[in-house]
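Below: one structure, written as structure tokens.
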Amino acid sequence: HRSDDFTVAMESVTAWVWGPLSLGTVLAFLRQHPARFVLQLLLSLGQIYGDILYFVTAAQAGWAYSDPRPLYFWVYFVAINGLWLLIPGALLLDAGLQLARAQRLLDQPPKKGL
């Protein structure tokens with residue numbers, strides 16, 4: 001199946017890119033690194049993109065690989081996987097607000113000394 005190739009490719013990106021980037025982001029926050037919110041933004045956006053691709057490919061396959069029973073479909077498939085949209089979405093919003101705040105401070109005209 002071509003979908004298996006897609007899944008392998010996406011999981012390879014997850015393992016080799018998003019995994020190390022997650023560790024780097026945690027370390028950046030622990031060390032108060034100036035790039036921490038940029039890393040948070042990138043990681044959150046990547047997670048949202050991957051989850052959207054996951055849902056879209058499942059929908060295009062006619063939900064063939066998900067359990068059709070309502071409890072499993074709505075709770076396990078939709079709700080649990082939906083958390084991978086909500087949490088990174090909140091972190092994406094937080095990163096955007098933090099970066100906008102920092103940019104506002106940089107855009108302020110310098111104060112003249114007394």
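The values are calculated or read from the model by the stated rules, or taken from the named source; none is laboratory data. The structure displayed is predicted, hence computed values, not measured ones. Quick reminder, even Gly has a Cβ in these numbers, built from the backbone with ideal geometry, and neighbours come from all protein chains shown. The area values use the complete protein model at the heavy-atom level, side chains included, leaving out ligands, DNA and RNA. Shrake-Rupley method; radii C 1.70, N 1.55, O 1.52, S 1.80 Å.
For the reader, a short list of remarks on this structure follows.
- Area of F29 that stays accessible when all protein chains are in place (1.4 Å probe, Å², to 10): 70 Å²
- Charge tally for G24 (other residues, Cβ to Cβ under 11 Å; Lys, Arg +1; Asp, Glu -1): +2.
- Dividing the convex hull volume of the alpha carbon atoms of the chain by its residue count gives 129 Å³ per residue.
- In the chain, helices alone account for a calculated mean residue ellipticity at 222 nm of -23000 deg cm²/dmol, with every DSSP H run of four or more residues adding -39,500 (n - 2.57).
- Backbone phi angles across the range 67-73, fed through the Karplus curve with coefficients 6.51, -1.76 and 1.60 (θ = phi - 60°), yield HN-Hα couplings of 5, x, 4, x, 4, 5, 5 Hz in residue order; Gly and Pro are listed as x.
- Accessible heavy-atom area order of W18, W63, highest first, probe of 1.4 Å: W63, W18
- Under a Gaussian network description of the chain, with springs only between Cα atoms under 10 Å, the residue in A28, A15, A102 that fluctuates furthest is A102.
- Close amide-amide hydrogen proximity is noted between S66 and no other residue 5 or more places distant or on a separate chain, at a cut-off under 5 Å (H modeled in the peptide plane; Pro and chain starts excluded).
- A dipole drawn for the chain from +1 and -1 charges on Cβ atoms has a positive end, and of L30, S66, S44 the residue lying farthest that way is L30.
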